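One structure below.
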Amino acid sequence: MYAASRRNLKLTSNTPDKKRTVAEINEKIRNGDVQVLTISEMKDLVESSGVEVAFKEVDVVTTGTMGAMCSSGALINVGHADPPIKIDKAWINDVPIPHPGAAVDLYIGATIGSETRGFEYGGGHVIEDLIAGKEVELRATAYGTDCYPRTRVETTLTKDDLNQFILLNFRNGYQRYATAVNGRDEAIYTYMGKLLPNFRNATYSGAGELNPLCNDPDYETIGLGTRIFLGGGTGYIIGEGTQHNPKAALGTIMVKGDAKQMTPEYIRGATFSEYGSTIYIGYGVPIPILNEGIVKKVAIRDEDIPSDIVDYGIPRLNKGTLGTTNYKELKTGRVNVNGKSVKVTSVSSLKHAYKICEELKDWIQEAKFYLTKPVETLPTDTVFKPMKVTTETRFVESLIGEAVTCTEDEDVKAVAKRLVEESVNQAIVVDSANELKGIVTAWDITRSVANGNKRLEDIIVRRVYTARLHEPLETASKRMADHDISALPVVDKGNKVLGILTSDAISRLVGGGATG
Amino acid sequence: MLLRFSRQIVDQPITSQIILEKKTPINILSARMNQLGGEILAEIPGDKAQEVIKAFKSKGVIVDVASLIEKDDDLCIDCGACISLCPMDALGFTEDKSVTLDAKKCNGATCGLCVDACTRRALRLLS
Ligand code: SF4
Ligand code: SF4
């Protein structure tokens, strides 16, 4: 734990204007008298002793996080073979490896799945295996040129065989993130993990008050050139990450680091079932305590970091929110969703976040790590736009048809007659308030007549798959195909029937599109 | 545990009888029943488990005691993605935020909800 030395206290109190520079801090690191606290220790100190004391006593705080960060990968240079090859297609352990540059520069994308093992093994796992010192199999083909005559190569490689092995991630470390739930009546598999139906669980991501960007929300000390802990080695922030959205307090960073120095403890391949493969990245940022303003910022607590509760069951870009929670509530393991308390857990590793803060603190105290002043801090005014889509997306509302309905107490014969008159295949069963109670198909009726069954209530199918008005046609037709059914009642939030979507209507649209 | 009821006994109120006789709560996680028989996935308090299983068996119910779930700590990265799925609180954090599996609480193969939620394939069914 932390203990301020007298000598150090005197030194810092001599600092004029209550300011401190990165150069001064580095000097202290060199002299072995730098005062470093993990971000958690610093928050406690500010709380117990106040901003002024914390500023005087502390030079640097260490932050950290470790989570699934899909927009990651590693740049490798595999060297030239004899005769040389200009790689056209490449695979490592059967994972396709893009080659966005010249002959033997490859980029291992974390989310690309193996051609033989699918999501179970992907680029993230390749990177982990290489970092762990394992041998991987490279296979490459080429069309052959005058200067690069070779057309095939197969070899095994370890990280020692690579000229460069650079972790190069274009978006890491979201400042904070949404809390995911699922309002559908089936489990769904997302990048936020497995979500049980009817809001039965919730997941969140991020380390909350340990997260680097949360503790420097105006990016006063963080930017291009900031030296960081990356995957157990040193790395650098090389700018804002893609989708950096500072105005919404959703900043991101782009990072690079020598992967040969890293350890698999902080770089792990992973699989989100039915979603894809990815990689867990652990990184930590030292925040220099340059002034009292920074002390106030790093004092932020979990309860001050909000997270929107979002229904990932809604297959639209704008899912709206069901409410807002904060990281303090999330870390208790239960969150209130629609007035109900449900179990919630993180998909990021809090344990590793703490470990990174500790490890980076040790590095600085042992003078193994010096701070840098960024050449340019992260932008605070960029905006994050949605995709401009020039082709039309169709939604259920554009194809909804009028539903033929009946009530449970009706006679089978009467319903059969209605189906014939309206020439439809199914009637939706509703109650007096038009709420969905089930569905009966012409086939159910035929079978019941054959069995001498006259009561409608005995043949109603009560487990009904439904569609929503603003749902894309694509997801609704996938639901029909998945469950081998030909129609979906369209319902509103209160389960009231608005109409019906039939596979016939979809086929007509597709058919019409082809001829028209 | 998974309780299987044959056609002959499915119409008897066996579960409620046992709840009353053994004075133990039985939490029904899911049930599928019709005239031809059915299955109930249920959890029972650990201390009464043996007694309750015996009672069900004596009434002709086939009891499938869960095969267990195993967690490989070397693979696990303590992300916690599995915890919120567990209806039994068998998965949880220790004080240092390591994720642990308490096999005694786990319903094993009859549940298995966490297995495909594990991002590291660290959770496996023991057969
Ligand atoms: S199988 Fe997994 S989710 Fe189910 S009870 Fe056991 S630990 Fe919990
Ligand atoms: S999901 Fe898997 S890796 Fe993550 S904590 Fe659970 S067992 Fe460990």
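Rounded to the nearest Å, what's the spacing between the alpha carbon centres of the stretch B:13-37 and the stretch A:309-362? Just the number, please. Result: 36 Å between the Cα centres.
Expressed as an acute angle from 0 to 90° and rounded to the nearest 10, what is the orientation of the C-alpha long axis of helix B:49-58 relative to the principal long axis of chain B? Result, in degrees: 30. Ordered by 1.4 Å accessible area with all protein chains kept, A:E402, A:E220 run largest first as A:E402, A:E220. The calculated 222 nm mean residue ellipticity attributable to helices in the protein assembly as shown amounts to -6000 deg cm²/dmol, summing -39500 (n - 2.57) over DSSP H runs of n ≥ 4 and dividing by all residues.
Distance from the Cα centroid of the stretch A:410-435 to that of the stretch A:47-66 is 69 Å (rounded to whole angstrom). Checking the cross-link pairs A:K328/B:K104; A:K343/A:K496; A:K43/A:K247; A:K343/B:K57; A:K18/A:K355; A:K328/B:K48 against a 27 Å limit on the alpha carbon distance flags A:K328/B:K104; A:K343/A:K496; A:K343/B:K57; A:K18/A:K355; A:K328/B:K48 as lying beyond it. Residue-wise HN-Hα couplings along the stretch A:160-165, as the Karplus relation 6.51 cos²θ - 1.76 cosθ + 1.60 with θ = phi - 60° gives them from phi, are 5, 7, 8, 5, 10, 9 Hz; Gly and Pro carry x. Total buried accessible area between A and B, probe 1.4 Å, nearest 100: 2100 Å². Remark on A:V490: its backbone amide H falls under 5 Å from those of A:A467, A:L498, A:G499, A:I500, A:L501, a criterion applied only to residues 5 or more positions apart or on other chains, H modelled at 1.01 Å from N. Rolling a 1.4 Å probe over the protein heavy atoms gives the stretch A:79-162 an accessible area of 48 Å² per residue.
Burial annotation for the stretch B:98-127: residues with an accessible-area loss of at least 40 Å² between the isolated chain and the complete set of protein chains, computed on heavy atoms with a 1.4 Å probe, are B:L113, B:D116, B:T119, B:R120, B:R121. Of the solvent-accessible surface of the stretch A:79-162, computed with a 1.4 Å probe over protein heavy atoms with every protein chain present, carbon and sulfur atoms account for 48 percent.
For A:R171, the amide hydrogen comes within under 5 Å of the amide hydrogens of A:S71, A:T242, counting only partners 5 or more places away or on other chains and with H modelled in the peptide plane. Interface residues of the stretch A:334-383, defined as those losing at least 50 Å² of solvent-accessible heavy-atom surface relative to the isolated chain (probe radius 1.4 Å), are listed as A:K343, A:T345, A:K351. A straight line joining the Cα centroids of the stretch A:196-259 and the stretch A:74-93 runs 32 Å. Per-atom-type breakdown for the stretch A:270-351 gives carbon and sulfur 49% of the accessible area (1.4 Å probe, protein chains only).
Just to confirm, what accessible area per residue do you get for the stretch B:6-106 at 1.4 Å probe, in whole Å²?
Numbers: 5740 Å² over 101 residues.
Each residue of the stretch B:6-106 exposes 57 Å² on average to a 1.4 Å probe.
Per the Kirkwood formula applied to alpha carbons, the stretch A:313-433 shows a radius of gyration over Rh ratio, Rg over Rh, of 1.26.
For chain B, the equivalent ellipsoid derived from the alpha-carbon gyration tensor has semi-axes of 31, 15, 11 Å in decreasing order. Across the stretch A:137-144, coupling constants 3J(HN,Hα) worked out from phi with the 6.51/-1.76/1.60 Karplus curve, θ = phi - 60°, read 9, 9, 10, 8, 10, 8, 8, x Hz, and Gly and Pro carry x.
Using a cutoff of 8 angstrom between alpha carbon atoms and counting only pairs six or more residues apart, the relative contact order for the stretch A:396-511 works out to 29 percent. Phi-derived couplings, Karplus 6.51 cos²θ - 1.76 cosθ + 1.60 at θ = phi - 60°, listed residue by residue for the stretch B:10-20: 5, 8, 8, x, 4, 4, 5, 4, 5, 4, 5 Hz, with x used for Gly and Pro.
With Rg and the Kirkwood Rh both taken from Cα atoms, where does Rg over Rh land for the stretch A:79-162?
0.97
Computed on chain A, with alpha-carbon pairs under 8 angstrom and 6+ residues apart, the relative contact order is 16 percent.
The 1.4 Å probe gives accessible areas that order A:E52, A:E115, largest first, as A:E115, A:E52.
The accessible-area ordering, largest first, of the residues A:D482, A:D308 stands as A:D482, A:D308, per a 1.4 angstrom probe. Calculated on C-alpha atoms, the gyration radius of the stretch A:285-358 divided by its Kirkwood radius gives an Rg/Rh of 1.07.
A convex hull fitted around the alpha carbon atoms of the stretch A:396-511 yields 101 Å³ per residue. Calculate what fraction, in whole %, of the accessible area of the stretch B:69-125 sits on carbon and sulfur atoms when a 1.4 Å probe is rolled over the protein chains. On the stretch B:69-125, the fraction of accessible area on carbon and sulfur atoms equals 50 percent. In the frame of its principal axes, the stretch B:65-127 has Cα extents of 32, 19, 16 Å, reported largest first.
Pair-distance distribution P(r) for chain A, from all Cα-Cα distances in 10 Å bins starting at 0: 4, 16, 20, 20, 16, 12, 8, 4, 1, 0 percent. Between the amide H of A:V337 and those of A:V342, distances stay under 5 Å, these residues lying 5 or more places away or on another chain, with hydrogens modeled in the peptide plane.
Using a cut-off of 17 Å between alpha-carbon atoms, which aspartates and glutamates can reach A:K86, once sequence neighbours fewer than 8 places away in the same chain are excluded? Cross-link targets: A:D105, A:D146, A:E154.
Sorted from longest to shortest, the spans of the Cα atoms of the stretch B:2-64 along the three principal axes equal 32, 21, 19 Å. Taken over the stretch A:183-237, the alpha-carbon convex hull comes to 125 cubic angstrom per residue. In this structure B:D73 has an accessible area near 110 Å², from a 1.4 Å probe over the protein heavy atoms. Rolling a 1.4 Å probe over the protein heavy atoms gives the stretch A:396-511 an accessible area of 56 Å² per residue.
The values are calculated or read from the model by the stated rules, or taken from the named source; none is laboratory data. Nothing here was measured: the structure is a model prediction, and the numbers come from that model. Accessible surface is based on the protein model in full, side chains and every heavy atom, while ligands, DNA and RNA are left aside. Shrake-Rupley method; radii C 1.70, N 1.55, O 1.52, S 1.80 Å.
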